[in-house]
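Only one structure is covered here, and it is reproduced in the block below.
The values are calculated or read from the model by the stated rules, or taken from the named source; none is laboratory data. Keep in mind that what you see is a predicted model, and the values were worked out from it rather than measured. Here the Cβ positions follow ideal geometry from the backbone for every residue, glycine too, while neighbour counts run over all protein chains shown. Accessible surface areas use protein heavy atoms only, side chains included; no ligands, DNA or RNA. Shrake-Rupley method; radii C 1.70, N 1.55, O 1.52, S 1.80 Å.
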Amino acid sequence: MRKILLTMDGIQKCFSSVIALKHVSLQVEQRSIHALVGENGAGKSTLMNILSGIYPHGSYSGSIVFEGQEMRFRKVSDSESRGIVIIHQELALIPELSIQENIFLGHEICRSGVISWDSQIQETQRLLDAVGLKEDPNTACKYLGVGKQQLVEIAKALSKNVKLLIMDEPTAALNDKDSDALLNLILKLRVERGISVIIISHKLDELLKVADRITVLRDGESIETLENDGSISRNHIIRSMVGREMSNLYPERTAKLGELALEVKDWCVFSPSVAGEQIIDRVSFHLHYGEVVGIAGLMGAGRTELALSLFGKAYGVNISGEIYKDGQPLRLRTVKDAISHRIAYIPEDRKDAGLILEEDIVTNISLSNLEKFSSRGVMNHAAEVDASQAISQDIRIKAPSVFQKTQMLSGGNQQKVLVARWLCSDPDILILDEPTRGIDVGAKYEIYAIINQLAADGKAVLMISSEMPELIGMCDRIYVMNEGRFIGELLREEVSQEKIMQIIVDDNGGSRSEK
């Protein structure tokens, strides 16, 4: 039996009158991978913020014992000095700085008070070799994909002699290949360096592959800790997380297709940053009212770029092709044009590209339709509040009031606020880009129910997702996208993950032979 590395006992944390954690306990063994799961708002990140010193000693009750000694961290540097390092879901790299500058930021290798660049580059190379990243240490991080940025963050943690690595949703933005590579690296670090890992994730299948133990939090309380000995099931974890049986992950819906809502013909888009690089290549598709249509594809296939380019040319240059809505041609030069034609787009990054987290729910909901609540430049605040309250109740946003700051909401409820914003503008067509990324299984079900209701109300929904089971469970048809092109179309009754991947593999084989 492994020795206990960390014990958190009786942890309680309140935000004003809201109890975020209720006497939570957690034990992590040495050389182990410990998963922490629960619905959004269950308290996972709050618990880890306490452990890492983001919430200082004195702002919570309970005890933290690490390597046999009680810890009273007052800042992040206190926990890092003991070998506890956290990697947040929103990576903390500075894009303009190089890999080696990011890794040693704040603890540079110095000689007589002067940075020793040669030593720092050598040490960076050693760390990059350890995580399997083949990049020049002087490469600016803005040129790295998300998967490689994750590896830089791990190398940064290794530079701090990490003993306990905390990873918050490390694979949320990664494709299957990069996710597998990252999980294999975590297993390698446990074996070769004796590092323990706490991993927070909603991807239960991944956790069942790598975790030694799984602790479930629900409503701020620790429910149970499970030994991952092969006997526990995904359904058992879900039931423990949500407090009820979920026999079906996707709500049932019978599609009732209406008239043709949207038709796109020969859509082409070029990169705004690389001259002459074509991102979208002659894409054509159609979408009916009452229909949910998915776009499947690997990371980098061009799905988000397609969505943004259709949404008032929010992405791309030298855009060509035709768009028809209700059989009439559209000329969408700006996002405002798209909104005026009752087209909505919900971005994949709700925090940076969607919500104003510092503002309240009311402000975020009304943002896309201020004209509806104003007259001669003067806002009708009462009407704005009434509309926000009505929509919040319809889609069940969990908050004390619509005046709650959006940053205080769970991920699932933040996503609902983003959906509510566009419902407020009463769109005909909704483009949903990764609508359930980073939210738990219970919140996902609620988002799915909203999508189904939109389709039942006669809206046309175009849904982009990296989770193929989600597309299969929700969509009436699925277009398969690869390298900026639509390469296949599957109906609901014939679709499977295997068929989607086979279409992509066959296309890649053809592309390689042509080259």
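In summary, the lysines within cross-link reach of Lys265, defined as a Cα separation below 19 angstrom excluding same-chain residues under 8 places away, comprise Lys313, Lys325. Proximity of backbone amide H atoms, modeled 1.01 Å from N, is registered between Arg218 and Ile223 at under 5 Å, excluding neighbours fewer than 5 places apart on the same chain. For region 216-270, state which trypsin sites (Lys or Arg not before Pro) are in a DSSP loop and have at most 15 other beta carbons lying within 10 Å of their beta carbon. The qualifying sites are Arg244, Lys256. Here Lys3 is the anchor, and the aspartates and glutamates within straight C-alpha reach of less than 17 Å, apart from those fewer than 8 places off in the same chain, are Glu29, Glu67, Glu70, Asp212, Glu227. Taking θ as phi - 60° and the Karplus parameters 6.51, -1.76 and 1.60, the scalar couplings of region 56-70 work out to x, 4, x, 8, 9, 10, x, 10, 10, 10, 10, 6, x, 10, 6 Hz in sequence order, x denoting glycine and proline.
The fraction of accessible area contributed by carbon and sulfur in the chain is 47 percent, rounded to a whole number (1.4 Å probe; ligands and nucleic acids excluded). Counting only Cβ charges, +1 for Lys and Arg and -1 for Asp and Glu, the dipole size of region 66-208 around its Cα centre is about 380 debye.
Looking at the chain, send over the antiparallel percent of its DSSP beta bridges, to the nearest 5. Before the final figure, lay out each step's value.
Values: 50 of 84 bridges.
Given both bridge residues lie in the chain, the antiparallel proportion sits at roughly 60 percent.
Put a plus charge on the Cβ of each Lys and Arg, a minus charge on the Cβ of each Asp and Glu, and nothing anywhere else: the dipole of the chain about its Cα centre is then about 940 debye. Taking all protein chains as they are arranged and a probe of 1.4 Å, the heavy atoms of Trp267 leave approximately 10 Å² accessible to solvent. Its Cα centre serving as origin, region 289-438 has a Cβ charge dipole (Lys and Arg +1, Asp and Glu -1) of approximately 100 debye.
Note on the chain: dipole from Cβ charges, positive end direction compared against Thr363, Gln120, Ser271; the farthest Cα belongs to Gln120. Rounded to the nearest Hz, the phi-derived 3J(HN,Hα) couplings of region 479-492 under the Karplus curve 6.51 cos²θ - 1.76 cosθ + 1.60 (θ = phi - 60°) are 8, 9, 10, 8, 6, x, 10, 8, 10, x, 9, 10, 7, 4, where x marks glycine and proline.
Among the listed pairs Lys188/Lys209; Lys75/Lys405; Lys75/Lys156, a Cα-Cα separation exceeding 20 Å is found for Lys75/Lys405. Sequence-ordered 3J(HN,Hα) estimates for region 230-239 from the Karplus curve with 6.51, -1.76 and 1.60 and θ = phi - 60° stand at x, 9, 8, 10, 4, 5, 4, 5, 4, 4 Hz, glycine and proline given as x.
Per residue, region 330-454 exposes 44 Å² of accessible surface when a 1.4 Å probe is rolled over the protein heavy atoms with every protein chain present. Under 5 Å between amide hydrogens, built in the peptide plane, is the criterion, and for Ile166 it picks out Val85, Ile86, Ile87, Ile198 among residues at least 5 positions away or on other chains.
Comparing Val76, Ser17, His107 along the charge dipole axis of region 1-134, the residue lying farthest to the positive side is Ser17, per the Cβ-charge model. Rolling a 1.4 Å probe over the heavy atoms of the protein chains gives region 1-75 an accessible area of 46 Å² per residue. In this label model, Ile19 and Ser63 are separated by 2.2 nm, measuring between points 7 Å along each Cα→Cβ vector.
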